Amino acid sequence: MKPFDYVRAGSAQEAVRAGAEGRFLGGGTNLVDLMKLEIERPDKLVDVSRLATEEIEDGDDGLLVGAGVSNSALAGHPLVRERYPLLSTALLSGATQQLRNKATVGGNFLQRTRCQYFYDVFRACNKREPGSGCDALDGINRFHAILGASEHCIAVHPSDMAVAMAALDATVETLKPDGSTRSIPARSLHRLPGDTPHIDHVLEAGELITHVVLPASPPKRQLYRKVRDRSSYAFAVVSIALALDLQDGRLANVSIALGGVAHKPWRAERAEGILEDSRPDAELFANAADAELAHAVGHGHNDFKIDLSRRLIVAALRDLSESKREIAA
Amino acid sequence: MYPVSLDVNGKTVSAEVDARTSLLDLLRETLGMPGSKKGCDHGQCGACTVIVNGVRINSCLSLAVSHDGDAVTTVEGLADGESLSPLQKAFVSHDAFQCGYCTPGQLCSATALLDEIKRGEPSVVTDGKVTLNEEEIRERMSGNLCRCGAYNNIVDAILSVAGEPA
Amino acid sequence: MNQQDSRKWIGQPLDRVDGPAKVTGQATYAADYRGNSPAAIGFIVEAGIGKGRIVSIDTRAAEASDGVLLVLTHQNAPEQAPFGSHDDAGRFGQSHAVLENENVKYHGAPVAFVVAETLEQARHAAHLVSVRYDQQPGVFDAEAHEDKATKPDSLDGADQADKEVGHFEPAFEKSAVTVEAEYHTPSQHASAMEPHATVAEWSDGKLTVHMAVQIIADARKGFANTLKIEPGDVRIVSPFIGGGFGSKLGIHNEAILAALAARELDRPVRVAQTRRNLFANGPHRTAHRHRLKLGADADGRLQAVSHDSLAVMSRGYPFAEAAGGLTQSSYAAEAIRMSHRIVEANVPKVDSMRAPGEAIGTLVFESAIDELAERCGIDPIEFRLLNEPETEPGSGKSFSTRPLARCLREGAAKFGWQSGVVRPGMKRDGRWLIGHGVAAAIRPNNIEPAGAEASLARDGRLTLSLDMTDIGTGTYTILGQIAAETLGMDTGAVEVRLGDSDFVETCGSGGSFGAGSTGTAVQQACDSIRTDILARAARIDPDWSGVNSADLTIDGDRVSVGDRSLALGDILDAVGGEAFRAKSHIKPGDAHKTMAQYSYGALFAEVGVDADTAEIRLRRLLGVFDAGRILNHKTAHSQLMGGMIFGIGAGLLEESLMDMRYGAFMNRDLAEYHIAVNRDVPRLEVHMLEGFDEHSNPLGSKGIGELGICGTGPAIANAVYDATGHRARKFPIHIEDVLPAVARLTKGNAASR
């Protein structure tokens, strides 16, 4: 770990003023991990873990969640369990209680890939070292992307929470060093790799996530399902966040996000389009899944993820449309 | 170097730390408390689990400098003097360890787990009301690897303590 | 001597005597040791290529970095005996030289070693060392270089690399039913929770090492042979070891680096390998290709069995696993053949991991047996019973005991086994496809030379001292039980001191031989004390002559036989001496040569396979085991459970993935190398048969630590077949392996097309 200056910010404003030349430290569960390996080498850490961003407030515009709220606090919040159960499940499907107690909402969005070529400094990785190449393309790539990847990077985003946030159409609120703020749809926070895979997201240098807003009236049927090798404490092979309503026997407000398949939480817009306002049946589900995965590409070890994703989409749609459980209005 | 002052197992301690020092290394190296163990140093095994301000965390991934003013409980602080805590006793009688290396982390996790249940914090296997049962314990203890495979006995030890009148 | 009559302590499910220390954080593992002067901290700089030469190495930035005391490279490393020399001391005792020259032997090998005042300083400075390489093509993959395969000079766990009993080819040819299959088992890392760690300090030319190691005496030789000093000038201290599983049998790179640097700096040096380090600087089980051919007659009687294995051997480090060894001992057949081939490769040390040979051998062999039983139209348990041998098939030797059939029958009853030919895909529970599977476990029983020293003080306190280790196996506890039972005393009056080369040499922990070997040595030393007490007592009081030594008891500071009673102090005062002392040394009996000795088990698994996603989850796992006499039912139960969980890993989780372009293991952490977590493990059902193998040792015990892993993986694999129709050909079994079979089974469901 490279020596660095440590400052504790007293406010978000102070943090962004100090943060332009450094990195923000939230829970640190991913940043410190990568700093020990000198994959991340900041000169300065701005500790934002004790900012007054730990509140969760309910309002007309939705649920306002401070970026410093821990993953476990968010998952266990009564309103989240009641109104956004897929988010609670997604959070609780990730990592462990110890990590969730430390990891923050803001930090969870910004965690970096688990690609082992990113972690091994001796290997070529355009994300770690732009221009060096991608050893995962022809390497061990069982966990890698099948959608939206490029010849420069096939890494996937490892978060469960971000997948849920994308499906719920949450909004990420930020503060920039110049004091201005902006709202970014969670589904648009992360980027596809293209030829600049070292850039994970659309935030500018020194821009701080201050809050996340969850819409006031999410769909009433929600599900998060994670496929993984171990039954706990494992990153997703593939995961799905699904939300929808059933109105007069037809699907409405269908929202699907896939995890573990792309450089970002993957909103399945093609599938959503086919499903919206249709009567649920097996053939429809299969068509929607097929449409979404029509352009999926495997890289060898991860070829199976295409069929697995298709099966997962279909199963999730089946289970949720047949479910008797709806969240209270 | 940065000054930090913490409450560790009920005692106030102060130290000057390198900003790079983890809470785990502060405990083990600076404060001379090697009970908390380093199994991976990357939050992937749970051997370093300690309780900070009432919740369990991986002390290896947490910078000591960020814990100024915090209250930390380690395995060295679980017993009441010579008298082992109910969980410590149950771990011995249920043979909830073999080599013992993961045990400090398992015990801190288990201690915090019982409080999490009391506070009604859900896990991914919770369906509705939070109650303590085998499945809940298995899920909630999955952040503490045990290579010797004492998992069943760890579950039994925790169940035996949870079953005791408070 | 008739130990079967006296059962006061041996077998009792006593709590571990080291339990209170372990639950309070007071047990000191290697990296917890704090000496009188603060240790400097070392950090390994690893090679970034698999084979080649260091062209240049620039340590200036590292040396100038804050707190750095020393940077060792091949250019300034002190002289050592060449790696591999002193091979007469075995692979653990041979030279383990590091930083020898500019040649890189394997990916991740140390190319420099940075020592600083603190870990933070050493770790950062290690990243400042800059190395330029001349990379050369390496050999990493046995199958790709099969043309270079040779027969290994020696094989761990079998006398011969190649063996044929009867004539395999004709027997196979005439078989009515056959299975011919190729299997792959992966590289694995033992992944003990405690990373290898060493604290080395020198004083007057003598080296003291606090380290995590399973066999102290071999480690001592390893240091002496590498550093060109006398074994007597090396002291090893290892009171607590955070798991071994074979990975700490010998010494590894961090140990020698610490010793070299400590001598250079004339101050203690501590180094704990990082978890990533361990995947190259610790040993591993290597990947194997197995080709199996099995033939049976129409009635299901085995005719022909062959097992050919291919794997890499780490160049200069002679170890090969006897994957096919158990074909010689499992089932009767007219002809049995095995062969083992190795390819010398530029890979990190390949070495023993829990149950070398049988762990991977049973995985594939017991899978193939299940397949053959199915093809013969016979229930898999019936098939095994039908082919029970009367003598060991490979040698013709008598078995010391052979309760495998009993394990299978009792296990079937306890599990609720539904007899019949396997018909996959017939059981459902909601969204889960359910399967049941069975497999046999077999593991050679060994005894190794061991000594022990016992000292009984006048106050009636007994001290045992031996260089044995307790790697979590319960040695501290069972040795106390054996001693207390032999001397008719309370276990609380026994102090067991282990893990120090100042004590009598033993075999250490490994190969499941530790408890039986050192337990026998302890029993013999205590037996000598008992004899000594009676002989001396008889000199004081003739009424003590000729009494039965087995009736002797010690209570407090008094010794009694029947109604005779004397104070120990009075005996010592009368005949002289401060304490009763005895040393023992035991060797394996002839029955270890003349008879076939094994521990046995039968494993039963129930899996659920998700009909949508093909995720495999273990729902039940039951084992019935025979390991002779059980020395402590509590710790033995734990040992078996631990082995079974290793078996779950072998079946479903664990694999070290090497990128064969570079010879580099890629999943070098515990987030990507999956060992079972708590939730992966259902309530394990463990049953131990009451046994006593008089041919094994006077205690009647047999090895237990590696038994549970054997048979568990294949029981799971056979259950996966029962659930899905997928026959595993590679391990661990992953989602993608069973997905096609699940898709076929669920055709017509929404998720399948």
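Within region B:105-141, if we keep just the residues that are in a helix (DSSP H, G or I), of a type outside the set (D, E) and facing chain A (nearest Cβ under 10 Å), the residue that is nearest to B:N53 (Cα to Cα) turns out to be B:A112. Closer than 30 Å to C:C376 by Cβ, in contact (Cβ under 8 Å) with a residue 24 or more places away in the chain and not charged (D, E, K, R) - does that describe any residue in region C:275-291? There is at least one residue in region C:275-291 that is closer than 30 Å to C:C376 by Cβ, in contact (Cβ under 8 Å) with a residue 24 or more places away in the chain and not charged (D, E, K, R). When every residue of region C:136-158 is checked against the conditions, none turns out to be crowded, with 20+ Cβ neighbours inside 10 Å, within 14 Å of chain B (Cβ to nearest Cβ) and either at pLDDT below 95 or part of a helix (DSSP H, G or I) (or both).
For region C:550-630, which strands (runs of 3 or more DSSP E) that fit wholly inside it have 2 or more residues that are touching a residue at least 12 places away in the same chain (Cβ under 8 Å) and among the basic types (K, R)? First the steps, then the outcome.
Details: elements: C:552-555, C:558-561, C:564-567, C:579-586, C:598-610, C:616-626.
In region C:550-630, the matching strands (runs of 3 or more DSSP E) lie at C:579-586, C:616-626.
Got a sec? Which helices (runs of 4 or more DSSP H) wholly within region A:1-81 have at least 2 residues that are more than 12 Å from chain B (Cβ to nearest Cβ)?
Once the helices (runs of 4 or more DSSP H) in region A:1-81 are filtered for at least 2 residues that are more than 12 Å from chain B (Cβ to nearest Cβ), what remains is A:12-19.
Any residue that is touching a residue at least 40 places away in the same chain (Cβ under 8 Å) and part of a loop (DSSP other than H, G, I, E, B) - is there at least one of those in region B:75-93? Quick ask: steps written out before the conclusion?
Taking region B:75-93 first, the residues touching a residue at least 40 places away in the same chain (Cβ under 8 Å) are B:75-77, B:86-87, B:90-91, B:93.
Now restrict to residues that are part of a loop (DSSP other than H, G, I, E, B): none.
Among the residues of region B:75-93, not one is touching a residue at least 40 places away in the same chain (Cβ under 8 Å) and part of a loop (DSSP other than H, G, I, E, B), which makes the answer no.
Scanning region A:311-329 for residues that are free of Cβ contacts under 8 Å to residues at least 60 places away in the same chain and more than 8 Å from chain C (Cβ to nearest Cβ), we see that the one that is nearest to A:Y84 (Cα to Cα) is A:K324.
Taken as a whole, the condition of being without any contact (Cβ under 8 Å) to a residue 24 or more places away in the chain and within 14 Å of chain B (Cβ to nearest Cβ) applies to A:A234.
Taken over region A:289-329, the criterion of being among the charged types (D, E, K, R) and either surrounded by 16 or more Cβ atoms within 10 Å (Cβ to Cβ) or under 22 Å from the mean Cα position of the chain (by Cα) (or both) is satisfied by A:D290, A:E292, A:D303, A:K305, A:D307, A:R310, A:R311, A:R318, A:D319.
Among the residues making up region C:427-467, those that are in contact (Cβ under 8 Å) with a residue 12 or more places away in the chain and assigned to a loop (DSSP other than H, G, I, E, B) are C:R431, C:N445, C:N446, C:I447, C:E448, C:P449, C:R458, C:D459, C:G460, C:R461, C:L466, C:D467.
Among the conditions (1) part of a loop (DSSP other than H, G, I, E, B); (2) at the interface with chain C (Cβ under 7 Å from one of its Cβ atoms), B:A96 misses just one, which is (2).
Name the single residue, out of those in region C:540-549 being out of contact with any helix residue (DSSP H, G or I) (no Cβ under 6 Å at 6 or more places or on another chain) and part of a helix (DSSP H, G or I), that is nearest to C:K8 (Cα to Cα). Steps first, please.
Looking only at region C:540-549, we keep the residues that are out of contact with any helix residue (DSSP H, G or I) (no Cβ under 6 Å at 6 or more places or on another chain), and these are C:541-543, C:546-548.
Now restrict to residues that are part of a helix (DSSP H, G or I): C:542-543.
On the way: C:P542: 29, C:D543: 26 Å.
So, considering only residues that are out of contact with any helix residue (DSSP H, G or I) (no Cβ under 6 Å at 6 or more places or on another chain) and part of a helix (DSSP H, G or I), the one nearest to C:K8 (Cα to Cα) is C:D543.
Test of understanding: among B:A112, B:A71, B:A64, B:A79, which residue is modelled with pLDDT of 95 or more, within 14 Å of C:T24 (Cα to Cα) and of a type in the set (A, V, I, L, M)?
Working: B:A112 fails: within 14 Å of C:T24 (Cα to Cα); B:A71 fails: within 14 Å of C:T24 (Cα to Cα); B:A64 fails: within 14 Å of C:T24 (Cα to Cα).
Just one listed residue meets the conditions, B:A79.
Taking region A:100-118 as the range and being surrounded by fewer than 24 Cβ atoms within 10 Å (Cβ to Cβ) and within 12 Å of chain B (Cβ to nearest Cβ) as the test, the residues that pass are A:Q111, A:R114.
Return the residues of region A:218-260 that are touching a Pro at 6+ places or on another chain (Cβ under 9 Å) and assigned to a loop (DSSP other than H, G, I, E, B); say none if nothing qualifies. Hits for region A:218-260 are A:D229, A:F235, A:A236, A:G249, A:G260.
Is it fair to say B:A71 is of a type outside the set (F, W, Y) and touching a strand residue (DSSP E or B) at 6+ places or on another chain (Cβ under 7 Å)?
Details: of a type outside the set (F, W, Y): yes; touching a strand residue (DSSP E or B) at 6+ places or on another chain (Cβ under 7 Å): yes.
Judged against the criteria, B:A71 is a match.
For region C:447-468, does any single residue satisfy the condition of being crowded, with 24+ Cβ neighbours inside 10 Å and of a type in the set (S, T, N, Q)? No, that holds for no residue. Residues of region C:383-419 that are touching a helix residue (DSSP H, G or I) at 6+ places or on another chain (Cβ under 9 Å) and without any contact (Cβ under 8 Å) to a residue 60 or more places away in the chain: C:R384, C:L385, C:E388, C:A405, C:R409, C:S419.
Of all residues in region A:287-308, which are among the aliphatic types (A, V, I, L, M) and either over 23 Å from A:D248 (Cβ atoms) or modelled with pLDDT under 95 (or both)?
Taking region A:287-308 and keeping what is among the aliphatic types (A, V, I, L, M), we get A:288-289, A:291, A:293-294, A:296-297, A:306, A:308.
Across region A:287-308, the qualifying residues are A:A289, A:A291, A:L293, A:A294, A:A296, A:V297, A:I306, A:L308.
Give the residues of region A:130-155 that are touching a residue at least 12 places away in the same chain (Cβ under 8 Å), more than 17 Å from A:L192 (Cα to Cα) and not basic (K, R), sorted by residue number. Passing the criteria: A:D135, A:D138, A:G139, A:I140, A:N141. Any idea which residue in region C:646-682 is farthest from the other protein chains (Cβ to nearest Cβ), counting only those that are out of contact with any Leu (no Cβ under 8 Å at 6 or more places or on another chain) and assigned to a helix (DSSP H, G or I)? Ranking the candidates gives C:G649 first.
Looking at B:R28, B:R20, just one residue is under 30 Å from C:N667 (Cβ atoms), part of a loop (DSSP other than H, G, I, E, B) and either at pLDDT 95 or above or away from chain C (no Cβ under 11 Å) (or both), and that residue is B:R20.
The values are calculated or read from the model by the stated rules, or taken from the named source; none is laboratory data. Remember, it's a predicted structure, so these values are computed and weren't measured experimentally. Because the Cβ atoms are built from the backbone with ideal geometry, glycine has one as well, and the counts that use them run over all protein chains shown.
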